[in-house]
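These notes concern the structure reproduced below.
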Amino acid sequence: MSRITARAVLPSSLPALEPDRPRAGEAAPVPILEARKGGYAAWLETVVHRAYPFAASYTVANILSFLVVGIGVALGLLATRVVLLIGGLEEADKRLPAWMESQRTPFLNDATYWMSQVGAGVLIAVVAGTAIFFAFRRRWRISGFLLTAILVEVSTYRLIAGLVARDRPDVVKLDNLNPAHSFPSGHVAASVAVYCGIALLLTSRFHQTWLRLVIWACALSIPALVAVSRIYRDEHHPADVIGGALLGAGALLVALLATRVGIVADERRQSRPAEGPGA
């Protein structure tokens, strides 16, 4: 079965995809950020044609963020207002937070606090440190990718949580947060967006299978631990952390596509003088 490309599903009257421009391919510093030939990033760049790279990336990120919000709200309302009401699923969803409340100890309370911070305060420090490090090395694409991922997650999370408005578990909570922002889990979403984003960057550069497995094992274990800590602290139901993981993945995809659009725009601007004065 042939791969569906942007050219295959979008109207033929749209601007031609990818005029002659250099491709870095596997020789690129971070191959995962390179737009694929015939892909959606190249097409989206034609929509914001002639825009500066930052403006192109920023515009695409904002447009796709609204799409993420729409999908997130639709899935959230479907899950909390329809699916969980079938066959006692909602009671099952409430059972784990109630059980974890009965297992609390001072040690676990402290441990889950720091586990939660891995998806909050520690995460902010990781993003800031990584972005500043690569900015000083003039690796703007990497910095922009990570910053876009977390900014998309933060902005979309607040809108989705406010519109879905699911109550947090009806037990004693260990944190003081908005009681109607249970779905989705922002901590889990941020953890997926950032730590899995870093894993994407690393595994696109390293090709050893064992190293890729180690990187992904570490990257996926962090959101899993954050999810457990959020349920233990009775801030979320299991369905909420699943929603958070999906939101984080969505933010990651938006950041990846927006970054690729910015790179395509940068390549086009660099090649423009060679096109001649009539271009």
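Note that region 45-86, at 4 °C in a medium of 1.567 mPa s, gets a Stokes-Einstein diffusion coefficient of 106 µm²/s from its Kirkwood radius over C-alpha pairs. Each pair of Cα atoms in region 165-209 enters the Kirkwood radius, and Stokes-Einstein at 10 °C and 1.306 mPa s then converts it into a translational diffusion coefficient of 122 µm²/s. Legend: P(r) of region 93-147 from all alpha carbon pair distances, 10 Å bins from 0, whole percents, reading 21, 29, 21, 17, 11, 0. Computed over Cα pairs, the Kirkwood radius of region 91-250 leads via Stokes-Einstein (0.890 mPa s, 25 °C) to a diffusion coefficient of 151 µm² per second.
Above 16 Å lies some portion of the pair distances; for region 178-279, what is it as a whole percent of all C-alpha pairs? Cα-Cα pairs of region 178-279 separated by over 16 Å account for 65 percent.
Our note on the geometry: Cα centres of region 53-118 and region 145-176, 7 Å apart.
Run through every distinct alpha carbon pair of region 80-176 and return the Kirkwood hydrodynamic radius in angstroms, one decimal place. So the Kirkwood estimate lands at 16.7 Å. Calculation over all alpha carbon pairs of region 62-118 in 5 angstrom steps from 0 returns a P(r) of 4, 15, 13, 13, 13, 16, 16, 8, 2, 0 percent. Radius of gyration (Cα atoms) of region 216-274, expressed as a multiple of 2.2 N^0.38 Å: 1.77. Summed over the residues of region 33-161 and divided among them, the accessible surface reaches 58 Å² per residue at a probe radius of 1.4 Å. Rolling a 1.4 Å probe over the protein heavy atoms of region 120-270, with every protein chain left in place, gives an accessible area that is 70 percent carbon and sulfur.
Normalising by residue count, region 144-236 has a Cα convex hull of 84 Å³ per residue. At a probe radius of 1.4 angstrom, the accessible area of region 216-262 per residue rounds to 30 square angstrom. Listed peptides 136-144, 179-187, 220-228, 202-210 appear in the order 179-187, 220-228, 136-144, 202-210 once ranked by packing, highest mean of other Cβ atoms within 10 Å at the front.
The values are calculated or read from the model by the stated rules, or taken from the named source; none is laboratory data. Because the structure is a prediction, the values reported are computed rather than measured. Heads up, the Cβs are rebuilt from the backbone with ideal geometry, glycines too, and the neighbour counts pull from every protein chain shown. Surface accessibility is based on the protein's heavy atoms, side chains included, excluding ligands, DNA and RNA. Shrake-Rupley method; radii C 1.70, N 1.55, O 1.52, S 1.80 Å.
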